[in-house]
1. Using amide H atoms built 1.01 Å from N in the peptide plane, name the residues 5+ places from Tyr17, or on other chains, whose amide H lies under 5 Å from its own.
2. May I ask you to rank Val42, Val29, Val16 by accessible area, largest first, using a 1.4 Å probe over the protein chains only?
3. Using a 1.4 Å probe and counting only protein heavy atoms, arrange Asp31, Asp12 so the residue with the most accessible area comes first.
4. Which value, in Å² and to the nearest 10, is the accessible area of Glu18 when all protein chains are kept and the probe is 1.4 Å?
5. Give, in nm to one decimal, the length gained when the segment between Asp24 and Asn44 is fully stretched (0.36 nm per residue of separation minus the Cα-Cα distance).
Amino acid sequence: MNENENEAYNYDTSIVYEYKEFPDKEAGVCDNCGNKHFKSSVKNYKFTRECRNCGLKKNI
Ligand SMILES: [Zn+2]
């Protein structure tokens, strides 16, 4: 049997991930959808990056 190695992780866009725990597979590219456009915001001195396409959020 051939087993495909699939490391895709199902991200939940309703929570904010920590970049330390979930670093980008490819820097600057959304892990969830592959989009390269983000909007960023600063909250409580934390820099949050949100994907403009799927809404995946990470604290940087
Ligand atoms: Zn995305």
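The values are calculated or read from the model by the stated rules, or taken from the named source; none is laboratory data. Just so it is clear, the model here is predicted, and its values are computed rather than measured. Remember, those area values only see protein heavy atoms, side chains included, never the ligands or the DNA or RNA. Shrake-Rupley method; radii C 1.70, N 1.55, O 1.52, S 1.80 Å.
1. Here the answer is Lys57, Lys58, Asn59, since their amide H atoms fall under 5 Å of that of Tyr17.
2. Putting Val42, Val29, Val16 in descending order of accessible area: Val42, Val16, Val29.
3. Asp12, Asp31
4. Accessible area, nearest 10 Å²: 60 Å².
5. 4.9 nm
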